[in-house]
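Peer 1: Here it is: the structure, laid out below.
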């Protein structure tokens, strides 16, 4: 059965400006909070003087590293966070002093009056410098500055390369990308002796945030409550954030609610961008173009503290091994502390980065063999039923059909006749629908389904809608199980004090994990309600979508709901169900089946490169996806087009320019993101088959959307220019330099 | 700071505001008049989330000193809520999936509304030019352009059908 159009119920409010984000909310008596940050990438703090700041009229709290708790905490197993810096600052933007005041003016004055003196130290600015003998140790628990080292080999890679007919290799680098959320990061924190700590904060993994913030203050988790207002864009930026913790610390000191709202400058200065990776890669094939082996060495820059960079490195080292049949694979991954702003996850999560390298090398092998790059891909991809070399069980996989369809849609055969400066490039990709390694304790989801007195059905989930359309998808699933219209479903989430536990929205997990929980809960609601109506109205009573039929007699669902409530002491009919996926925790070598299902896609990009300026214009784009059955078509299509647009920005224009640890382009004018004229018409097609593990056969789409984009566009540029760029972004200056380095004919 | 009394024509009503005349209009709208449909994304006039309509033209309210708006007609998205023709645009955006996170959306709606009030001489206007001052990070613009085409190009659409 094909899906119906599902409209998000929050659309009218968003489109009419009625949706209220964190900075639109106010608490009585709230204070403005702000932070004094380090101007140095690495320095010893020699003096902090807050006396003058404390004298400013309207200042209610000034805190430093000396008067906040010092528990070891952090959002992952690496507990390297503090609340404020004590002896040293580790990056430009590191937090030293925080102030709460009753007006913006008072806050600004007080921030200016804080005196911090530093003794600058030699900063570590890249992973290789971090590993130099004698390099400063940034965190005592990690004496070699390398918190994560990945090493595995499956098969015999050296033997495979010795037997190869062709080997192509290169060093590819991916850059720091700003998430570009239009809503700057903001938080309101309120401390109350009785209720504990309450935060209003955009976090799409609020239960991990709760756990982390409780640890920061040595509080039991039940003393921390996180409300999540609608999130104005994240793409990985709004997970667990120090600025939330600092607002909480200020509120504790001031005894009043504290709001910290970053402006764009501060948001960009302190942003935790995409983890920059340096990838040395080689791929071997026989003379017929069958892959024999893949060998990668990856260096990642974690910055000064650990956010989600370990998982990003792990994805980079492993995911592509379950896209192609490489037969022999080896990876060495090194994640290093540096004195850059901590880096973290962004849509694509290491996989898009590695696919940029893989897809370019594959095109080079095709050139070397005189083969069509599409054909080379077709004869090496994974298929349904495979258990991949990385341990993924592919219960569904339409990758081959995706490639064949994108060949047709894009007019792939045209590329033979293109003139110089005009290119057509292909790339493919895979992803997960949730990832077991995110939280070894649990990777499922829980949902509550409740029949309200009005006859509407309320779904509670711990997962978070951040505009991707999750609520609409859950409404669709619930409506389909219950046989009622989606407009009768309300999806509630975003309050750790009210709604069931959820891992949150990351690893493209909300459709499959949360969706399965919603489906199970609604099935149980339907089945138990069907039994109850027989007890209550008589054995001939039958539950239908609209209510109950007893012979000729009709009872509307609202009436049934009220009858149930009357019989149960005022309690509405409510059930809670937990979906626990049959996934495997990846082992020490990252082998295992970490997700219930794997989406796939094949993309083709068409570019024109200006021969004078080397500006790349993407003039056509085709994306064919295997996302299983599509449950929310407008949202799924929107995810793909949006992901492609972000990829266009990444490859052709976006770059955080960092010098001595300091972001140089801290405005949306200097850090250009795609505008409407930068995005060509994007043709999106879904090849729908049912995945056995998804709700109504669905798989994920959110991150899959961007994974192939860097590969597709860079391959198109290489096709247009006849030379290949290895370092993102392939902005005009870089392409011009590459062309200058070419031997002149 | 010298306080000034400023009379604003806001959504068809005369309003008095007292304060620093250089205060950004966006802050006055959002904080004093509590019209939070106008969003602030950058404070430097680069993203367009704060777009309001000033004398019929879309304008970044985050870099407009409130004193500059005196003697002008200011429309915010709240002022259009009851306009039947505005609902036409709301419906088009909703049906085309023109919003995801929704933060840039009110600004885009104001830009499109201002443009829909102008005559395009029976031609499709240059939709990219209309949207050049609005950034959206979620949608890739395709759905927004589709909604714009439905509403702004309605005369041409009718002929083309």
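Peer 1: Would you confirm whether or not segment A:415-424 contains a residue that is modelled with pLDDT of 95 or more, crowded, with 22+ Cβ neighbours inside 10 Å and on the phi > 0 side of the Ramachandran plot?
Peer 2: No: zero hits.
Peer 1: Testing residue A:63 on (1) surrounded by fewer than 20 Cβ atoms within 10 Å (Cβ to Cβ); (2) away from chain B (no Cβ under 14 Å); (3) touching a residue at least 60 places away in the same chain (Cβ under 8 Å), one condition comes back false. Which one is that?
Peer 2: (1)
Peer 1: Moving to a separate point now. Could you look through segment A:714-745, keep only residues that are out of contact with any strand residue (DSSP E or B) (no Cβ under 8 Å at 6 or more places or on another chain) and outside any loop (DSSP other than H, G, I, E, B), and pick out the one that is surrounded by the most Cβ atoms within 10 Å (Cβ to Cβ)?
Peer 2: So the residue we want is A:738.
Peer 1: If you take the residues of segment A:218-237 that are more than 10 Å from residue A:203 (Cα to Cα) and in contact with a strand residue (DSSP E or B) (Cβ under 7 Å, 6 or more places away or on another chain), which of them is nearest to the other protein chains (Cβ to nearest Cβ)?
Peer 2: Filtering segment A:218-237 for residues that are more than 10 Å from residue A:203 (Cα to Cα) and in contact with a strand residue (DSSP E or B) (Cβ under 7 Å, 6 or more places away or on another chain), the one nearest to the other protein chains (Cβ to nearest Cβ) comes out as A:225.
Peer 1: Being over 30 Å from the mean Cα position of the chain (by Cα) and either surrounded by fewer than 17 Cβ atoms within 10 Å (Cβ to Cβ) or under 30 Å from residue A:389 (Cβ atoms) (or both) is the requirement here; does residue A:153 meet it?
Peer 2: No: the conditions fail for residue A:153.
Peer 1: Could you figure out which of (1) more than 14 Å from the chain's Cα centre (by Cα); (2) at pLDDT 95 or above isn't true of residue B:37?
Peer 2: Only one criterion in (1) more than 14 Å from the chain's Cα centre (by Cα); (2) at pLDDT 95 or above is unmet by residue B:37, namely (1).
Peer 1: Hey, another quick one. For residue B:106, are the conditions met, namely being at pLDDT 95 or above and either within 14 Å of the chain's Cα centre (by Cα) or more than 25 Å from residue B:36 (Cβ to Cβ) (or both)?
Peer 2: yes
Peer 1: Which residue is surrounded by the most Cβ atoms within 10 Å (Cβ to Cβ), if the candidates are limited to segment A:265-319 and must be under 20 Å from residue A:357 (Cα atoms) and out of contact with any strand residue (DSSP E or B) (no Cβ under 9 Å at 6 or more places or on another chain)?
Peer 2: Result: A:315.
Peer 1: Might you check whether a residue that is under 22 Å from the mean Cα position of the chain (by Cα), within 14 Å of chain B (Cβ to nearest Cβ), in contact (Cβ under 8 Å) with a residue 24 or more places away in the chain and surrounded by 19 or more Cβ atoms within 10 Å (Cβ to Cβ) occurs anywhere in segment A:686-697?
Peer 2: no
Peer 1: Looking for something within 18 Å of residue A:28 (Cβ to Cβ), crowded, with 24+ Cβ neighbours inside 10 Å and in the same structural domain as residue A:80 (by TED's automatic domain parsing) - is there at least one such residue anywhere in segment A:207-214? Give the derivation first.
Peer 2: The initial filter retains those residues of segment A:207-214 that are within 18 Å of residue A:28 (Cβ to Cβ), namely none.
The answer is no, given that none of the residues of segment A:207-214 is within 18 Å of residue A:28 (Cβ to Cβ), crowded, with 24+ Cβ neighbours inside 10 Å and in the same structural domain as residue A:80 (by TED's automatic domain parsing).
Peer 1: Can I ask one more? Quick check on segment A:19-27. Is at least one of its residues touching a strand residue (DSSP E or B) at 6+ places or on another chain (Cβ under 9 Å) and over 25 Å from residue A:236 (Cα atoms)?
Peer 2: Checked segment A:19-27: at least one residue is touching a strand residue (DSSP E or B) at 6+ places or on another chain (Cβ under 9 Å) and over 25 Å from residue A:236 (Cα atoms).
Peer 1: Take segment A:628-677 and flag every residue that is within 7 Å of chain B (Cβ to nearest Cβ) and outside any helix (DSSP H, G or I).
Peer 2: Selection gives A:667, A:668, A:669, A:673, A:675.
Peer 1: Restricting to segment A:556-603, count the residues that are over 30 Å from residue A:697 (Cα atoms) and crowded, with 20+ Cβ neighbours inside 10 Å.
Peer 2: 2
Peer 1: Kindly indicate whether residue A:587 is assigned to a loop (DSSP other than H, G, I, E, B) and either touching a helix residue (DSSP H, G or I) at 6+ places or on another chain (Cβ under 6 Å) or closer than 29 Å to residue A:316 by Cα (or both).
Peer 2: yes
Peer 1: Name the residue that is farthest from residue B:92 (Cα to Cα), counting only residues in segment B:107-149 that are away from chain A (no Cβ under 14 Å) and part of a helix (DSSP H, G or I).
Peer 2: B:114
Peer 1: Please identify the pairs in which a residue from segment A:572-588 that is under 30 Å from residue A:153 (Cα atoms) has its Cβ atom under 7 Å from the Cβ atom of a residue that is surrounded by fewer than 15 Cβ atoms within 10 Å (Cβ to Cβ) and at pLDDT below 95, counting only partners at least 6 apart or on another chain.
Peer 2: Close Cβ pairs satisfying both conditions: A:585/A:440.
Peer 1: I would also like to ask the following. Taking the condition modelled with pLDDT of 95 or more, buried (at least 22 other Cβ atoms within 10 Å of the Cβ) and either within 14 Å of chain B (Cβ to nearest Cβ) or closer than 30 Å to residue A:365 by Cβ (or both), does residue A:240 pass?
Peer 2: Working: modelled with pLDDT of 95 or more: yes; buried (at least 22 other Cβ atoms within 10 Å of the Cβ): yes; either within 14 Å of chain B (Cβ to nearest Cβ) or closer than 30 Å to residue A:365 by Cβ (or both): no.
Answer is no for this residue.
Peer 1: Select from segment A:164-187 the residues that are more than 21 Å from residue B:100 (Cα to Cα) and either within 14 Å of another protein chain (Cβ to nearest Cβ) or surrounded by fewer than 24 Cβ atoms within 10 Å (Cβ to Cβ) (or both) and list them in ascending order.
Peer 2: A:164, A:165, A:166, A:167, A:168, A:169, A:170, A:171, A:173, A:175, A:176
Peer 1: Is it true that residue A:331 is under 30 Å from residue A:657 (Cβ atoms), touching a helix residue (DSSP H, G or I) at 6+ places or on another chain (Cβ under 6 Å) and touching a residue at least 24 places away in the same chain (Cβ under 8 Å)? It would help to see each step written out before you state the result.
Peer 2: Values: under 30 Å from residue A:657 (Cβ atoms): yes; touching a helix residue (DSSP H, G or I) at 6+ places or on another chain (Cβ under 6 Å): yes; touching a residue at least 24 places away in the same chain (Cβ under 8 Å): yes.
For residue A:331, the condition - under 30 Å from residue A:657 (Cβ atoms), touching a helix residue (DSSP H, G or I) at 6+ places or on another chain (Cβ under 6 Å) and touching a residue at least 24 places away in the same chain (Cβ under 8 Å) - is met.
Peer 1: Which of the residues spanning segment B:72-104 are more than 14 Å from residue B:136 (Cα to Cα) and free of Cβ contacts under 8 Å to residues at least 24 places away in the same chain?
Peer 2: Of everything in segment B:72-104, those that are more than 14 Å from residue B:136 (Cα to Cα) and free of Cβ contacts under 8 Å to residues at least 24 places away in the same chain turn out to be B:81, B:82, B:83, B:84, B:87, B:90, B:91, B:94.
Peer 1: Residue under question is residue A:490, and the condition is that it be within 30 Å of the chain's Cα centre (by Cα) and surrounded by fewer than 20 Cβ atoms within 10 Å (Cβ to Cβ); does it hold?
Peer 2: Yes: the conditions hold for residue A:490.
Peer 1: Can you find even one residue in segment A:666-677 that is closer than 20 Å to residue A:403 by Cβ and crowded, with 20+ Cβ neighbours inside 10 Å?
Peer 2: No; the residues of segment A:666-677 include none that is closer than 20 Å to residue A:403 by Cβ and crowded, with 20+ Cβ neighbours inside 10 Å.
Peer 1: Oh, and also: Give segment A:208-267 a look and list any residue that's within 30 Å of residue A:662 (Cβ to Cβ) and part of a strand (DSSP E or B), or say none.
Peer 2: Across segment A:208-267, the qualifying residues are A:258, A:259, A:260, A:261.
Peer 1: Continuing with the same structure: If a residue counts only when it is within 13 Å of another protein chain (Cβ to nearest Cβ), surrounded by 19 or more Cβ atoms within 10 Å (Cβ to Cβ) and touching a helix residue (DSSP H, G or I) at 6+ places or on another chain (Cβ under 9 Å), which strands (runs of 3 or more DSSP E) contained entirely in segment B:4-106 have at least 2 such residues?
Peer 2: B:51-54
Peer 1: Is it true that some residue in segment A:321-332 is touching a strand residue (DSSP E or B) at 6+ places or on another chain (Cβ under 9 Å) and under 19 Å from residue A:76 (Cβ atoms)?
Peer 2: No: zero hits.
Peer 1: What's the number of the only condition in (1) at pLDDT below 95; (2) in a loop (DSSP other than H, G, I, E, B) that residue A:680 fails to meet?
Peer 2: Condition (1) is where residue A:680 drops out.
Peer 1: On to the next question. Of the residues A:592, A:620, which single one is assigned to a strand (DSSP E or B) and touching a helix residue (DSSP H, G or I) at 6+ places or on another chain (Cβ under 9 Å)?
Peer 2: None of the others qualify; the one that does is A:620.
The values are calculated or read from the model by the stated rules, or taken from the named source; none is laboratory data. Small disclaimer: the values here were computed from a predicted structure and weren't measured. Positions of Cβ are generated from backbone atoms using ideal geometry, with glycine treated the same way; all protein chains shown enter the neighbour counts.
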